[in-house]
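Worksheet: one structure, shown below.
The values are calculated or read from the model by the stated rules, or taken from the named source; none is laboratory data. From a predicted model like this one, the values you see are computed outputs, not experimental measurements. Because the Cβ atoms are built from the backbone with ideal geometry, glycine has one as well, and the counts that use them run over all protein chains shown. In case anyone asks, the SASA skips ligands and DNA or RNA and just uses the protein heavy atoms, side chains included. Shrake-Rupley method; radii C 1.70, N 1.55, O 1.52, S 1.80 Å.
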Amino acid sequence: VQLVESGGGLVQAGDSLRLSCAPSGCTDCAMGWFRQAPGKGREFVGALSRNGANIAYGDSVKGRFTVSRNNAGNTVYLEMNSLIPEDTAVYYCAAKSAVSSNYYYRRPESYDYWGQGTQVTVSS
């Protein structure tokens, strides 16, 4: 399983950005997004159950970020709106295989596969 992320970059506070993750070879995966700022641990951002019916968000991004999947099920998105400098971090896509269709997972240790990470920098 490979996770290919894209979409990071440098934006200004208040801007929007969309990250994409293409999980090749993972047709039965629950997906998650995490981020890690310098000197900090990996923070839960959002998660999507395998069937797409259940979604969860971290408290710091709730109401601003949206996790979704395309109709083909082969790309997962993280739509980020109203970005603030505190959102600056490396963002990671993660996948957990062979799971029940309704579950999502908040803890990074629950995931089997990780993307390479993409940098998001929000300037004030």
task: Could you please find all residues in segment 3-22 being of a type outside the set (A, V, I, L, M, F, W, C), in contact with a strand residue (DSSP E or B) (Cβ under 8 Å, 6 or more places away or on another chain), surrounded by fewer than 16 Cβ atoms within 10 Å (Cβ to Cβ) and not in a strand (DSSP E or B)?
output: Asp15, Ser16
query: Conditions: (1) open to solvent by 10 Å² or more (accessible area, probe 1.4 Å); (2) under 20 Å from Thr121 (Cβ atoms). Gly46 meets all but one. Number of the miss?
result: (1)
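Given the criteria farther than 17 Å from Gln2 by Cβ, open to solvent by less than 10 Å² (accessible area, probe 1.4 Å), under 11 Å from the mean Cα position of the chain (by Cα) and not basic (Lys, Arg), does Phe65 qualify?
Here the answer is yes, as Phe65 does meet what is asked.
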query: Quick check: anything in segment 99-109 crowded, with 17+ Cβ neighbours inside 10 Å and closer than 21 Å to Ser6 by Cα?
result: no
- line: Given the conditions (1) open to solvent by less than 40 Å² (accessible area, probe 1.4 Å); (2) hydrophobic (A, V, I, L, M, F, W, C); (3) modelled with pLDDT of 95 or more, every one holds for Ile84 apart from (1)
message: Under 8 Å between Cβ atoms, which residue pairs at least 6 apart in sequence (or on different chains) link something in segment 23-38 that is surrounded by fewer than 24 Cβ atoms within 10 Å (Cβ to Cβ) and at pLDDT below 90 with a partner that is assigned to a loop (DSSP other than H, G, I, E, B) and among the hydroxyl-bearing types (Ser, Thr, Tyr)?
response: Cys26/Ser97; Asp28/Ser97
query: Got a sec? Which of Val76, Val122, Val99, Val90 is aliphatic (A, V, I, L, M), in contact (Cβ under 8 Å) with a residue 40 or more places away in the chain and touching a Ser or Thr at 6+ places or on another chain (Cβ under 6 Å)?
result: Val122
task: Examine segment 88-100 for a residue that is assigned to a strand (DSSP E or B), among the aromatic types (Phe, Trp, Tyr) and either at pLDDT 95 or above or under 10 Å from the mean Cα position of the chain (by Cα) (or both), and state whether such a residue exists.
output: yes
- request: Can you give me the number of residues within segment 60-99 that are touching a Phe, Trp or Tyr at 6+ places or on another chain (Cβ under 9 Å) and acidic (Asp, Glu)?
  value: 2
